[in-house]
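The values are calculated or read from the model by the stated rules, or taken from the named source; none is laboratory data. Note that the structure is a prediction, hence the values are computed from the model and not measured. Don't worry about glycine lacking a Cβ; one is built from the backbone with ideal geometry, like all the others, and counts go over all protein chains shown. Surface accessibility is based on the protein's heavy atoms, side chains included, excluding ligands, DNA and RNA. Shrake-Rupley method; radii C 1.70, N 1.55, O 1.52, S 1.80 Å.
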Amino acid sequence: MNLIPLILASGSPRRKQLLEQIGLEFSVLPSDVIEDFSLPLPPEAFTEHWAREKAKNVAEKHPDSLVVGADTIVILKNKILGKPSSKKEGTEMLSKRSGQTHTVITGVCLELKDQKICETFSEETRVTFQHLSENEIQDYIEIYSPLDKAGSYGIQDWFSVCVKKVNGCYYNVVGFPLSAFYQKYKAIISTF
């Protein structure tokens, strides 16, 4: 039982599943913040900014709850890749990363407005893909339709066979850095 209500300000089924995996009780109330990818910030600051905005958006309506906002991006050659807007864009994203190493960054914010707590951090993981054939990419896009995933893939589904190496937190690539989050969460709730 949580000492204070916990809210996940995200509609991501993967984030919900990861928080359930570690036994937390929480509500899901996705923020209605729309990200602007043209915001001129370095990648870590970009993810932290949007995680904070998402948490703040929900915390305004629930000031007595600990609200968790998160934002995940994929970086390839200093370019931010968000969620693909179409199958064509998803195919292009995967083709460009065939045999390459890219970086996954997730920003997380824990906000408890009533207590003036706003803890923000980011986690970075490097992922190397195998060389991907055009058929593998096309089949993956058609069968798994990863349009709701940053970078157009899910490491937790069939695409796992295309990942050569992960350097950093695996769960960060799924969409939420569990261990880093839990350490911050524990530190906050220990004060109550």
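Observations, loosely collected:
- Excluding ligands, DNA and RNA, the accessible surface per residue across the chain is 50 Å² with a 1.4 Å probe.
- For the chain, the Rg and Dmax computed from alpha carbons only, in angstrom: 16.8, 54
- Dividing the helix sum by the residues of the chain, where each DSSP H run of 4 or more adds -39500 (n - 2.57), gives a mean residue ellipticity at 222 nm of -10000 deg cm²/dmol.
- Relative to the current alpha-carbon distance between ASP139 and ILE189, full extension at 0.36 nm per residue lengthens the span by 13.5 nm.
- Cα long-axis angle, helix 87-97 against the chain (0 to 90 degrees, to the nearest 10): 80
- With a Förster radius of 25 Å applied to the beta-carbon distance between LYS16 and HIS131, the computed FRET efficiency rounds to 0.15.
- Surface share of carbon and sulfur [accessible, 1.4 angstrom probe, percent] for the chain: 49
- Compared with the dominant Cα axis of the chain, that is its longest principal axis, helix 43-59 is turned about 40°.
- Nearest-ten-degree value, helix 134-144 long axis tilted from longest Cα axis of the chain: 40
- Net charge contributed by nearby residues that have their C-beta within less than 11 Å of VAL58 (K/R +1, D/E -1): 0
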